[in-house]
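> One structure, as structure tokens, below. Some questions next.
The values are calculated or read from the model by the stated rules, or taken from the named source; none is laboratory data. Nothing here was measured: the structure is a model prediction, and the numbers come from that model. Positions of Cβ are generated from backbone atoms using ideal geometry, with glycine treated the same way; all protein chains shown enter the neighbour counts.
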Amino acid sequence: MTIFQIENKESNLVNLHESYGTFVISPLHIGQGITIGNALRRTLLAEIPGVAITGVSIPTINTEFSSIPSIREDFLELCLNLKQISFQSDLSKKTIGTLAVQGPAIITAESFQVSTGVRILNPQQYIATVAENKLFKMEIAIEKGTGYQLATINSTQRSIDFLPIDAVFSPIKKVVFDINSISKHLKTLHEEVIIEIWTDGSLSAIEALSQAASNLMQLFQDMIVKNENSAQQTHNEEEFEIANKEQPKLEKTQNDSSNRTTTKIEILNLSTRAYNCLKKQQIDTIEDLLKYSKKDLTEIKNFGKKSIDEVLFALKNQLNLTLQ
């Protein structure tokens, strides 16, 4: 089993409310890159918890279509500006943020009074302009969640004092990944995943990657079927291993030869092109492959020198076998 490593190629705080990181995951077998890249990207975007505004309360405003006295923005524009606020919080329950601004004035995110444990990461974010010499009051509901939540869902959980709005909980702004081939001795045998992560600053890119990997590990761990007789099975395997070591080398060679009959060529982890060419020749097992010489392989259609070298290297590297 190949043990891969994660290299932190670049990780920095772009500004007070944005973090960026580049990570390289390698070496991986051919085909594993797209699997790992997709799984991490989807988990990062959908499952990393964050904090967002889920509701707005303004005196005398009962629907999102009502005009808001004192400020220049309508309700839709106000909500769009509110969604741009980035929060960092260690609270697990809903909390309320309030503001009271005497006009004329410009309202920014720092105008809100929030609970202890809640931090506004971009306090200069523009919210609205109070155009008249009046007092403008507003409350916001702040909650923790994951992904994107529609206002229609929030409406079933809000009190009548708050108008629900769409909530973007995810602290992950963007995730992209690329897959590169890694060549060794002029043979392409492995690949690497380069993944880039942008966050809103509430957590670092490396923390986000760690959380996503942990979520995936837990997901697959729960899928493993537990064997009630695992202890007995382990004991039996140990006994077999000890007994097997005591057998003459000739018997071991015979067993290895027998195993080749059923061992599939998939164990070689060949490239798609090389694998498909062998399968078309009805080479399904290692024993089938060992019936061919190097010269025989050159006569296989579309099976070039690069593919032959790949097969020879895989046989030697993984099974310590050679062709004539």
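Conditions (1) free of Cβ contacts under 8 Å to residues at least 60 places away in the same chain; (2) buried (at least 19 other Cβ atoms within 10 Å of the Cβ), marked per residue:
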| residue | (1), (2) |
| --- | --- |
| Gly31 | no, no |
| Glu47 | no, no |
| Phe65 | yes, no |
| Leu78 | yes, yes |
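> Please go through segment 27-45 and pick out each residue that is outside any strand (DSSP E or B) and at pLDDT below 90.
Ile30, Gly31, Gln32, Gly33
> Which residue is modelled with the highest pLDDT, if the candidates are limited to segment 109-122 and must be in a loop (DSSP other than H, G, I, E, B) and surrounded by 15 or more Cβ atoms within 10 Å (Cβ to Cβ)?
Only one residue tops the list, namely Phe112.
> Determine whether Thr234 is more than 30 Å from Ile25 (Cα to Cα) and at pLDDT below 65.
The answer is yes for Thr234.
> Please go through segment 283-307 and pick out each residue that is surrounded by fewer than 16 Cβ atoms within 10 Å (Cβ to Cβ) and part of a loop (DSSP other than H, G, I, E, B).
If the condition is that a residue be surrounded by fewer than 16 Cβ atoms within 10 Å (Cβ to Cβ) and part of a loop (DSSP other than H, G, I, E, B), then Asp284, Lys291, Ser293, Glu299, Lys301, Asn302, Gly304 are the ones that fit.
Conditions tested, residue by residue: (1) in the same structural domain as Gln125 (by TED's automatic domain parsing); (2) part of a strand (DSSP E or B); (3) under 27 Å from Thr199 (Cβ atoms).
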residue: Thr63; (1), (2), (3): yes, no, no
residue: Ile68; (1), (2), (3): yes, no, no
residue: Glu73; (1), (2), (3): yes, no, no
residue: Glu77; (1), (2), (3): yes, no, yes
residue: Gln88; (1), (2), (3): yes, yes, yes
residue: Ile96; (1), (2), (3): yes, yes, yes
residue: Ile107; (1), (2), (3): yes, yes, yes
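> Out of segment 187-206, which residues are over 19 Å from Val168 (Cα atoms) and assigned to a helix (DSSP H, G or I)?
Across segment 187-206, the qualifying residue is only Ile206.
> Next question. How about segment 46-61: which of its residues are part of a strand (DSSP E or B) and either among the small types (Gly, Ala, Ser) or under 13 Å from the mean Cα position of the chain (by Cα) (or both)?
Gly50, Ala52, Gly55, Ser57
> Considering each of Leu290, Leu323, Leu270 in turn, give the residue that is hydrophobic (A, V, I, L, M, F, W, C), touching a residue at least 40 places away in the same chain (Cβ under 8 Å) and not assigned by TED's automatic domain parsing to the domain that holds Glu191. Break it down into steps so the answer makes sense when it comes.
Numbers: Leu290 fails: touching a residue at least 40 places away in the same chain (Cβ under 8 Å); Leu323 fails: touching a residue at least 40 places away in the same chain (Cβ under 8 Å).
Exactly one residue qualifies, and that residue is Leu270.
> Taking Ala243 as meeting all but one of (1) at pLDDT 55 or above; (2) in a helix (DSSP H, G or I), write down the number of the exception.
It fails just one condition, (1).
> Also, quick follow-up: Sort through Ser170, Ser159 and tell me the only one that's under 22 Å from Leu76 (Cα atoms), among the small types (Gly, Ala, Ser), part of a loop (DSSP other than H, G, I, E, B) and modelled with pLDDT under 90.
Matching residue, one of Ser170, Ser159: Ser159.
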